[in-house]
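*Asks:* Got a structure for you, written out below as structure tokens; questions coming shortly.
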Amino acid sequence: MVDHPVDRGDTKRHFDAGADVVIGLGEARLLVRRDRGDLESALAELEREGMDYAVVEGFKNSSLFKIVMADIEVPNMVRRVRLPEVDEDLVAELAEMVRGMEDYKTAG
């Protein structure tokens, strides 16, 4: 398989043109859906697909636990990280913290 970025080229053009579903294949799988469901249903779909973890960007007012990389106050913040602090040790620490958290269970 030829490695190529999935966030530009034909994949991005299809999404920008309004396709309901865009799938890009490269180093990682990318599935983007437009205007379907909500955060809970998206997480339930990832769970059905066998994903162990999801990085959720946005949704600052959700009930999810959060690692915050901004100067904002949000509910359920477990750690604030400043970009200059990010190094291999911090990534390892955060990964271990996430692994130790109780699993999030979707309603679906």
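Where a number appears in this text, it was derived from the coordinates with a stated rule and is not lab data. These figures come from a predicted structure and were not determined experimentally. With ideal geometry, Cβ positions are generated from the backbone for all residues, glycine too; neighbour counts draw on all protein chains shown.
*Asks:* Using only the Cα atoms of segment 53-108, what do you get for the radius of gyration and for Dmax, in Å?
*Replies:* Here Rg and the maximum Cα pair distance are 12.0, 39 Å.
*Asks:* Right, another one. Placing +1 at every Lys and Arg Cβ and -1 at every Asp and Glu Cβ, with all other atoms neutral, what dipole size does segment 53-108 have around its Cα centre, in debye to the nearest 20?
*Replies:* The calculation lands at about 320 debye.
*Asks:* Would you list which lysines come within 24 Å of Lys105, measuring only between C-alpha atoms, while excluding same-chain residues fewer than 8 positions from it?
*Replies:* Lys60, Lys66
*Asks:* Let me ask you something else. Which of Tyr104, Tyr53 has the fewest other C-beta atoms within 10 Å, and how do the rest follow up to the most? Spell out each step's value before the answer.
*Replies:* Numbers: Tyr104 13, Tyr53 9.
Going from least to most buried by this count: Tyr53, Tyr104.
*Asks:* Below 12 Å, Cα to Cα, which aspartates and glutamates can Lys12 reach? Residues fewer than 8 away in the same chain don't count.
*Replies:* none
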